[in-house]
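A quick write-up on the structure given underneath.
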Amino acid sequence: MLFIGDTSHWSRLAAAHLRDVFDHVSVILWDYGDPPPRAHESWHGDHIFCFKADLLLKPRTLARAAVSALNFHPATPQFRGVGGYDFVLREGGAEFGSTSHHIVPRIDAGPIVKVTRFPIVPGESAASLSARTAAHCLVLFYEVIGMIAQGRELPVSDEQWGERLYTRAMLQRLRTTPDTAAGRL
């Protein structure tokens, strides 16, 4: 097993759970902006699990997962890419969530396993939405890992990805516009 997550408390909990359930788990914790890790480039095994991770995996790395490569994306399928918390608030969304999906070379585009949703509360900030989403993402991770550990077939969701890919450049522009930089998100 290979686990790739950010350095958050949430990713550490997910990695610890994976180690409780399976033997031989390699863990990479990495945040965008840090020097890219290299350990995954020579890894071989059954499963890759990415949890709230912004590391893009090359097709040759994905091909070394004998069974599956799954991502736990901290947003609903309408928000492919990064910054979903900011964008859903900017768009006045009423709900948000997390998505588990198979990883393919195209960003946040693989077959969706399951989506969890919850309401956005009045006065929600990007930071509070990020924390609540991470909690929901962790519960989704526990659920999907449980299915795999029990040898169950993963579900296939009817949900589809949104066409738009939200990029770091788009997020930076959003965060530097006067109304959003003033704390409205």
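For the reader, a short list of remarks on this structure follows.
- The Rg/Rh ratio for segment 59-131 is 1.05, where Rg is the radius of gyration of the alpha carbons and Rh is the Kirkwood radius.
- Global geometry of segment 136-180, whether rounded, prolate or oblate, following the gyration tensor of its Cα atoms and the 1.5 cut on a/c: prolate
- Helical mean residue ellipticity (222 nm; -39500 (n - 2.57) per DSSP H run of 4+; nearest 500) of the chain: -9500 deg cm²/dmol
- A cut-off of 5 Å between modelled amide H atoms, ignoring neighbours fewer than 5 places along the same chain, links R80 with G162, Y166.
- Relative contact order %, segment 1-159, counting alpha carbon pairs below 8 Å whose residues are six or more apart: 20
- Whole-Å distance, taken between Cα centres, linking segment 9-48 and segment 105-125: 22
- Charge tally in the Cβ shell below 15 Å around R164, where Lys, Arg are +1 and Asp, Glu are -1, R164 excluded: +1
- Neighbour net charge for P105 - beta-carbon separation under 12 angstrom, K R +1, D E -1: +2
Just so you know, all these numbers are worked out from the coordinates, no wet-lab data involved. Keep in mind the model is a prediction, meaning the values are calculated, not measured. Note that we place each Cβ from the backbone using ideal geometry, even for glycine, and neighbour counts take in every protein chain shown.
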